[in-house]
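Following: one structure in structure tokens, then a few remarks.
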């Protein structure tokens, strides 16, 4: 059972785990060139052994391989002076040293690649259909990113997506609390087209632009610049942008942001939900203010009423849309329609200009 669970989790994460195994094409091109030269020397030596020593091609290849790898079984060896000269030149002078260089280059390449990935100097050129997070908050960055990405991984629509972060915050590598989620980053600034191209904005599925300082209007200016650059490069991604000043919302939408939301650092879940279901950010933000639609607690005792009857009666009498009811100890949010409810009041979504009278409340909550 445990093995099935582990296999299922790996299968779900397969789309983003592959980006921890990216290959450097230029580095491996160099290694391939050295390997090709080595194989050429082995071939030349093998042909020489067939010609000068009268060995079969299989034995000649075996002699060449055991010689270049310095194994030296001694079952076969060159006896003629021509064969010994070819062996000395091809194998001892060139091939063995070339093999040592190939091994050194390989390990050096692997170390460099690992360091580049860790420090964000690696370009993930084949990443696509990913979630791209541009910028990071100035304060409590690690904690916020941990909560944000954990919520992304907990959301079915997003859980399998590769995630990349564009930021200068982590020049020495992502902290464990963030990297544990299978995240990579690119060490660059968002106000630069080269950096935006390096993180493949054109192939992203979702782009989230965070405000560096949630209380500063300058953050909106930077976001506006990033959005302009993204549109210049071109993308079909859904773009969600944080906006510190409400008056800038329209400007951000004009340059491509489909979702504009206030920076709410305590609840990154709201940002994730707005990405999955655009439009919900407006409803959620209104719940936190008294302007426009807002939540209102209506105190009035009631008993043994079906929840759907409470909702229908409140809507018909224009006292808002009930979302929950409460008793002495608990709040019950969105109960089943046929559940019998008893409590001391309800929580309803009402309009800013809505007037609610005690008589109407009593009528709606009477059995």
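As a test, work out the antiparallel percent of DSSP beta bridges whose residues both lie in the chain, rounded to the nearest 5.
Values: 17 of 37 bridges.
The answer is about 45 percent antiparallel.
Report note on the peptides 294-301, 215-222: ranked by the mean count of other C-beta atoms within 10 Å, highest first, their order is 215-222, 294-301.
Would you mind checking the tilt of helix 141-153 against the longest principal axis of the Cα atoms of the chain, expressed as 0 to 90 degrees and rounded to 10? So the inclination is approximately 90 degrees. Based on C-alpha pairs under 8 angstrom that are at least 6 apart in sequence, the chain has a relative contact order of 11 percent. Helix 2-12 versus the longest principal axis of the chain: what angle, 0 to 90°, nearest 10, using Cα atoms? Value to nearest ten degrees: 90. Under a no-solvent Debye model with one identical scatterer per Cα of the range 131-286, what's log10 I(q)/I(0) at q = 0.18 Å⁻¹? The calculated log intensity ratios at q = 0.18 Å⁻¹ are -1.09. The orientation-averaged shadow of the Cα convex hull for the range 296-367, equal to a quarter of the hull surface, comes to 4.1 nm². Taking the chain as a Gaussian network of alpha-carbon nodes connected by springs under 10 Å, the highest mean-square fluctuation of the residues 256, 202, 74 belongs to 74. Compute the angle between helix 57-68 and the longest alpha-carbon principal axis of the chain, please, reported from 0 to 90 degrees and rounded to the nearest 10. Long axis of 57-68 versus the principal axis of the chain: about 70 degrees. A protection proxy built from the mean count of other Cβ atoms within 10 Å ranks the segments 346-352, 101-107, most packed first, as 346-352, 101-107.
Panel values: the range 23-119, Kirkwood radius from alpha carbon pairs, Stokes-Einstein at 4 °C and 1.567 mPa s, translational diffusion coefficient 89 µm²/s.
Relative contact order of the range 23-119: what whole-number percent is it, with Cα pairs under 8 angstrom and at least 6 residues apart?
On the way: 69 pairs, mean separation 32.5, N = 97.
RCO, the range 23-119: 34 percent.
Taking the convex hull of the alpha carbon positions in the range 100-147 and averaging its projected area over all directions gives 5.1 nm². Sorted into 10 angstrom bins from 0, the C-alpha pair distances of the chain split as 5, 17, 18, 15, 15, 11, 7, 5, 4, 3, 1, 0 percent.
As a check on your grasp of the helix formula, calculate [θ] at 222 nm for the chain: sum -39500 (n - 2.57) over DSSP H runs of n ≥ 4, divide by the residue count, round to the nearest 500. Using -39500 (n - 2.57) per qualifying helix, the result is -13500 deg cm²/dmol.
All of the numbers you see were taken from the coordinates with simple rules; none came from a lab. Remember, it's a predicted structure, so these values are computed and weren't measured experimentally. Quick reminder, even Gly has a Cβ in these numbers, built from the backbone with ideal geometry, and neighbours come from all protein chains shown.
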